[in-house]
Amino acid sequence: MVNKDTLIFKGEIVIISNKGDTFNQSIDYLKKQKKVGFDTESKPTFQKGTLNKISLIQFATYDKALLFRITDNIADEIIEILSNPNILKIGNGIKNDLQHITKITGFVPESFIDIQTIAKDKGYNKVNLKYLCKEILNKHLSKKQQLSNWAAPVLTRDQCIYAATDAYACLLIYDALLNERDNIKKE
């Protein structure tokens, strides 16, 4: 029986809006990690072919989520994390995220894993994050905040939890896909 509980990141959530002590401490923390969940958020657009710039880059470990607000350029220190081959960055459907960041900054992505690829290799036909949470973690993943305004001057508590949970979910699903190998329940 599938557990209907909702997956919610319950660790520390740090919102980083500008460079300073919190920014530097967050970058130092990321540099020490072997793997992190990864995601981005942009202000939604409702016109086909229109893409807004990235407003938030989020990284999550098992107990801390770092939400970097992007208002102008993506800081060099964040690009260094994204380019670091020693930190595995795990996301879901990250091709567009990486293309968008690469187009803006020209960086070369290193050590990114898309859990969609692993899930497809294991026989899953649906590979969106909400579905994988349900099937692999037996948890509901709320997408209620997905189309909220990520460029707003202040993020709401619900937006922060959503952003942290999306990155965290990628980490958990990755672990489950690797640990369970071929014993994972398929459609």
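Using a Förster distance of 30 angstrom, determine the FRET efficiency expected from the C-beta separation of Lys143 and Ser83, and round it to 0.05. Show your work: numbers first, answer last.
Details: r = 29 Å, r/R0 = 0.98.
Working from the Cβ atoms, E equals 0.55.
Per 10 Å bin, what percent of the C-alpha pairs of the chain does each bin hold, from zero upward?
The calculated distribution, bin by bin, is 9, 38, 38, 14, 1.
Efficiency by 1/(1 + (r/R0)^6): what FRET value for Asp121 and Asp76, r their Cβ-Cβ distance, R0 = 22 Å, to the nearest 0.05?
Calculated value: 0.05.
Can you give me the C-alpha center-to-center distance between the range 157-173 and the range 90-144, rounded to a whole angstrom?
Each part's Cα centre sits 13 Å from the other's.
Given H placed 1.01 Å from N in the peptide plane, which residues other than close sequence neighbours of Lys43 have an amide H under 5 Å from its amide H?
Ser55, Trp150, Ala151
Among Lys143, Lys89, rank each residue by its count of other Cβ atoms within 10 Å, from fewest to most, as a rough exposure measure.
So the ranking, lowest neighbour count to highest, is Lys143, Lys89.
Can you list, largest first and rounded to whole Å, the semi-axes you get for the range 52-107 by taking the square root of 5 times each eigenvalue of its Cα gyration tensor? Kindly include the intermediate steps, with their values, before the conclusion.
On the way: eigenvalues 60, 36, 30 Å².
After diagonalising the Cα gyration tensor, the semi-axes are 17, 13, 12 Å.
No value in this document is a laboratory result; all are computed from the given coordinates. It should be emphasised that the depicted structure is a prediction, and the values quoted were computed from it without experimental measurement. For neighbour counting, all protein chains shown are included, and Cβ atoms are generated from backbone atoms with ideal geometry for every residue, glycine included.
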